[in-house]
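Trainee: Attaching a single structure in structure tokens format; questions to follow.
The values are calculated or read from the model by the stated rules, or taken from the named source; none is laboratory data. Note that the coordinates shown come from a computational prediction; the quantities given were computed from them, not determined experimentally. Here the Cβ positions follow ideal geometry from the backbone for every residue, glycine too, while neighbour counts run over all protein chains shown. With ligands, DNA and RNA removed, areas are computed over all heavy atoms of the protein, side chains included. Shrake-Rupley method; radii C 1.70, N 1.55, O 1.52, S 1.80 Å.
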Amino acid sequence: MRRDWDAVVVGLGALGSAACYWLSRRTGLRVLGLEQFEIGHANGASEDVSRIIRLSYHRRDYVRLARRARDTWAEVERESGTQVVFRTGGLDVGPREPTAGVGIDIGDYARAMAAEGVPYEALDAAEIMRRWPAWRLDDRHHGLFQADAGIADPSRGNATHRGLAAAQGAMLRGRAPVTGLASEGGEVAVSLATGERLTAGHVIVAADAWTNDVLAPLDVRLPLTVTQEQVSWFRPRVDPALFATQRFPVWIWMDEPSFYGFPAHGHPGPKIGQDVGGREVTPATRTFLRDEAAHARVAAFLCEHLPGMAVEPFLTKTCLYTLTPDRDFVVDAVPGHPGVHVVLGSAHAYKFASVLGRIMAEIVVDGGTPSALELEAFRIDRPILREASPSRTFIV
Ligand SMILES: Cc1cc2nc3c(=O)[nH]c(=O)nc-3n(C[C@H](O)[C@H](O)[C@H](O)COP(=O)(O)OP(=O)(O)OC[C@H]3O[C@@H](n4cnc5c(N)ncnc54)[C@H](O)[C@@H]3O)c2cc1C
């Protein structure tokens, strides 16, 4: 019997939409994307106006993958004529002595970039404040500036991937929850809540916070942690021009708690969030309400280091993080189910969305990818993912 589809993608968030696009570019491939909610919904991890894109990472494999990610977004921008990435430069800043045992060593980032030939500048507090007067720092602080970093805009990136995929003949269906997966004689049977049953050569599970629900029929469960995160936008009480994209880089505070922020983009003011600052939830128990304790942590940080932003936010959004215990991605086929592939971004993958979609298409169609070396750390059967309750290191 001729299978219904060559590839079915479960989940049309950032990663699934990208996978549909890169698969649909392959001539003659029949691609179906299935989303349980309406396409573009705000229940997951990918609907917003800004995400940090950077080459500065704590390991060389991520630096190399980030470089391919940047080039892949540029290809999508050329293909679509839509700008998705806005270059602002990126500042990794924080204490010279990070909080023992939990803080982030900026040196790891400098070493990884140096080893991969990525140019950056090491800056002391005085130089950071000279360049970006909104910051309040002292001699205990330092930073790295990398000029290629910036903002990847999901509201543009997701729509672009979906638009290009549809233009290439992919079918994208919203309100189509997948309820079952089964490997059958070299194919994968996909069951939907509608009662439909489809067959596909390959299924890509890009379901983030719902990954374990989708994999349950295959008896696979990953030790994932889902948290409800929030980001807020502020109208600064100082010259707003200090926070314009041309004058204020995206930034990450390299300590625990770790904060990150953006110049004004998509909304009339700069944005800030705490990395892994939210409480543990499930997709069913999460709310859309502001977490006051998390907000208080952000407010205290702003008072100390970005006082011009220390005002009440005009907008706060919540969304979901889905974290592996080592914060590394999962990009791999399910053992025993060669037709079922999982792509999970462990809450730092928007910058990689297009390249991870591309890599899924390479694996499905070509049987391999030029990024194979970079995927070694992302195996689904790595030891920490097979532990019932592994130790968790989310701040990297
Ligand atoms: C507050 C916040 C800040 C972030 N900041 C950054 C950043 O600065 N830089 C960066 O690179 N990354 C960042 N990230 C991470 C990044 O946004 C995510 O890694 C990425 O968006 C994940 O995309 P996804 O497609 O895997 O997930 P999602 O967008 O959640 O998509 C999963 C989709 O699968 C669908 N689905 C689930 N189950 C089913 C089913 N049974 N049938 C059909 N569909 C199903 C869901 O409805 C959903 O649409 C941030 C994330 C958050 C929440």
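Trainee: Suppose we keep just the DSSP beta bridges with both residues in the chain; what percent of those would be antiparallel, to 5?
Mentor: About 75 percent, rounded to the nearest 5.
Trainee: Determine by what factor the alpha-carbon radius of gyration of the chain differs from 2.2 N^0.38 Å, reporting the quotient.
Mentor: In units of the 2.2 N^0.38 Å rule of thumb, it is 0.97.
Trainee: Let a ≥ b ≥ c be the square roots of the eigenvalues of the Cα gyration tensor of the range 87-153; is it rounded (a/c under 1.5), or, if not, prolate (a/b larger than b/c) or oblate?
Mentor: oblate
Trainee: Here's something else I'd like to know. What is the sum of charges around Ala170, taking Lys and Arg as +1, Asp and Glu as -1, for the other residues whose C-beta is under 13 Å from the C-beta of Ala170?
Mentor: +3
Trainee: Can you divide the C-alpha Rg of the range 202-280 by 2.2 N^0.38 Å and report the result to two decimal places?
Mentor: With N residues counted in the range 202-280, Rg over 2.2 N^0.38 Å equals 1.56.
Trainee: Relative contact order for the range 108-202: what is it in percent, counting Cα pairs under 8 Å that are at least 6 residues apart?
Mentor: Result for the range 108-202 is 15 percent.
Trainee: For the range 144-223, evaluate the Debye formula with one uniform point scatterer on each Cα (no solvent term) and list log10 I(q)/I(0) at q = 0.11, 0.16, 0.17 Å⁻¹, rounded to two decimals.
Mentor: -0.45, -0.80, -0.87
Trainee: Report the relative contact order of the range 1-160, percent, no decimals, based on alpha-carbon pairs under 8 angstrom and at least 6 residues apart.
Mentor: Relative contact order here is 29 percent.
Trainee: Jot down the per residue volume, in cubic angstrom and as a whole number, of the convex hull over the alpha-carbon atoms of the range 258-323.
Mentor: So the per-residue hull volume is 102 Å³.
Trainee: Relative to the longest principal axis of the C-alpha atoms of the chain, give the angle of the C-alpha long axis of helix 154-167, reported between 0 and 90° and rounded to the nearest 10°.
Mentor: 30 degrees
Trainee: Semi-axes, largest first, in whole Å: what does sqrt of 5 times each Cα gyration tensor eigenvalue give for the range 260-382?
Mentor: Semi-axes from the Cα gyration tensor: 36, 17, 13 Å.
Trainee: For a quick check of your reading of the filter: which chymotrypsin sites (Phe, Trp or Tyr not before Pro) in the range 254-340 sit in a DSSP loop and have no more than 16 other Cβ atoms within 10 Å?
Mentor: Taking the range 254-340 and a limit of 16 other Cβ atoms within 10 Å, the loop chymotrypsin sites (Phe, Trp or Tyr not before Pro) found are Phe288, Phe314.
Trainee: If you wrap a convex hull around the alpha carbons of the range 337-396, what volume per residue comes out, as a whole number of Å³?
Mentor: That works out to 106 Å³ per residue.
Trainee: What number comes out for the charge environment of Leu385, summing +1 per Lys or Arg and -1 per Asp or Glu over other residues with Cβ under 13 Å away?
Mentor: So the surrounding residues net to +1.
Trainee: Which whole-number percent is the relative contact order of the chain (Cα, under 8 Å, 6+ apart)?
Mentor: 24 percent
Trainee: Let me ask something else. Considering all projection directions equally, how large on average is the shadow of the alpha-carbon convex hull of the range 148-191, in square nanometres?
Mentor: 5.7 nm²
Trainee: By how many degrees, between 0 and 90 and to the nearest 10, does the Cα long axis of helix 106-115 differ from the longest principal axis of the chain?
Mentor: For helix 106-115, the angle is close to 60 degrees.
Trainee: Rounded, prolate or oblate: which fits the range 17-60 when a ≥ b ≥ c are the square roots of the eigenvalues of the alpha-carbon gyration tensor, with rounded for a/c under 1.5 and prolate only if a/b beats b/c?
Mentor: oblate
Trainee: What Rg and what Dmax come out for the range 1-105 when only alpha-carbon atoms are used, in angstroms?
Mentor: Gyration radius and largest Cα-Cα distance of the range 1-105: 18.3, 63 Å.
Trainee: Accessible area of the range 204-312 with a 1.4 Å probe: how many percent of it is carbon plus sulfur?
Mentor: 56 percent
Trainee: Could you give the angle, 0 to 90 degrees to the nearest 10, between helix 14-24's Cα long axis and the longest principal axis of the Cα atoms of the chain?
Mentor: Helix 14-24 and the main axis of the chain meet at about 50 degrees.
Trainee: Let me ask you something else. Ignoring everything except DSSP H segments at least 4 long, calculate the 222 nm mean residue ellipticity for the chain; use -39,500 (n - 2.57) per segment, divide by total residues, nearest 500.
Mentor: -7000 deg cm²/dmol
Trainee: Could you bin all the Cα-Cα distances of the range 196-329 into 10 Å bins starting at 0 and give me the percent of pairs in each, rounded to whole numbers?
Mentor: Using 10 Å bins, I get a P(r) of 11, 35, 27, 16, 8, 2 for the range 196-329.
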